[in-house]
1. Among the residues of region 22-35, is there at least one that is open to solvent by less than 80 Å² (accessible area, probe 1.4 Å), modelled with pLDDT of 95 or more and in a loop (DSSP other than H, G, I, E, B)?
2. When you go through 124, 79 one by one, which is the residue that is touching a residue at least 24 places away in the same chain (Cβ under 8 Å) and either assigned to a loop (DSSP other than H, G, I, E, B) or more than 24 Å from residue 149 (Cα to Cα) (or both)?
3. How about region 84-107: which of its residues are β-branched (Val, Ile, Thr) and out of contact with any Leu (no Cβ under 8 Å at 6 or more places or on another chain)?
4. Give region 173-195 a look and list any residue that's under 26 Å from residue 85 (Cα atoms), open to solvent by 80 Å² or more (accessible area, probe 1.4 Å) and part of a loop (DSSP other than H, G, I, E, B), or say none.
5. I need the full set of residues from region 88-107 which are open to solvent by less than 40 Å² (accessible area, probe 1.4 Å) and part of a loop (DSSP other than H, G, I, E, B), in order please.
6. Report, ordered by the first and then the second residue, all pairs with beta carbons closer than 7 Å, sequence separation of six or more or different chains, a first member in region 177-201 that is on the phi > 0 side of the Ramachandran plot, and a second member that is charged (D, E, K, R).
7. Quick one: in region 137-172, which of the residues that are touching a Lys or Arg at 6+ places or on another chain (Cβ under 6 Å) and touching a residue at least 24 places away in the same chain (Cβ under 8 Å) is most open to solvent (accessible area, probe 1.4 Å)?
8. Quick check on this structure: which one of 175, 201 is of a type outside the set (Val, Ile, Thr), modelled with pLDDT of 95 or more and under 18 Å from residue 120 (Cα atoms)?
Amino acid sequence: MQRRTADSIRLFRRNEPLHKQLAAAGGLDDGATRTAPAAQPPGFDGEQRGEPGIHGVPRARRFDVVTTARAEGVAGDHVRFVTLADGTAVQTSDEDERQRDDALAPLQQAVEATVDRPYRAEAVRRGPDLWAVAARHVELVKAPGLAGEEAELVSTGDGRSLHVDGQPRFGSVPALEQVGERQGPEYVVRAFRVVDDLWEAQAAAL
């Protein structure tokens, strides 16, 4: 009887996938189908959605404010810009449609109730004239003579190294050094050109 039962089980599972047969042999088959939670990208508000996948979910960029605004004159479905201290909006992506003067004013007004200038903002169309807009305060510095679009300055006990657009550069950039030195003797500063000699700078201690 015992042999017949075992033969019946093998016959019953003959057409099942190998991994299920092995699970059953090891006593791991509880008859339930388990599905791993799907990885989802971060939400627009910066909060993680779902569970990390095999390679994980990248850390979401945090915003100081996420809100909505009505703006009838904004072209396209997505716009990214930096608002300078004087209120000038500088678009930061060549992929976005160019906006006419003052078109971004309603989006700026929506976030400036919470965030001080200067700030970086992103807006996504949610309806004919409804936009979701997020912004975070940034630090802008002037770096005259620094050519390129992205810069990284690293300071360690071994000295300083500067890379611009991925290439090593000699010399110093006092504006970036001042930003980094507030973090301590060892730091990294990453900077992105906004317009002319004006750069957005982010620093972290090492």
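The values are calculated or read from the model by the stated rules, or taken from the named source; none is laboratory data. All figures in this text were calculated on a predicted structure; none of them were measured in a lab. No Cβ is skipped: glycine too gets one built from the backbone with ideal geometry, and neighbour counts run over all protein chains shown. Quick note on the areas: whole protein, heavy atoms, side chains included, nothing else; ligands and nucleic acids left out. Shrake-Rupley method; radii C 1.70, N 1.55, O 1.52, S 1.80 Å.
1. no
2. One residue alone meets the criteria, 124.
3. Hits for region 84-107 are 88, 92.
4. 182, 183
5. Within region 88-107, 93, 96, 99, 103, 104 meet the criteria.
6. none
7. So the residue we want is 149.
8. Just a single option satisfies the conditions, and that option is 201.
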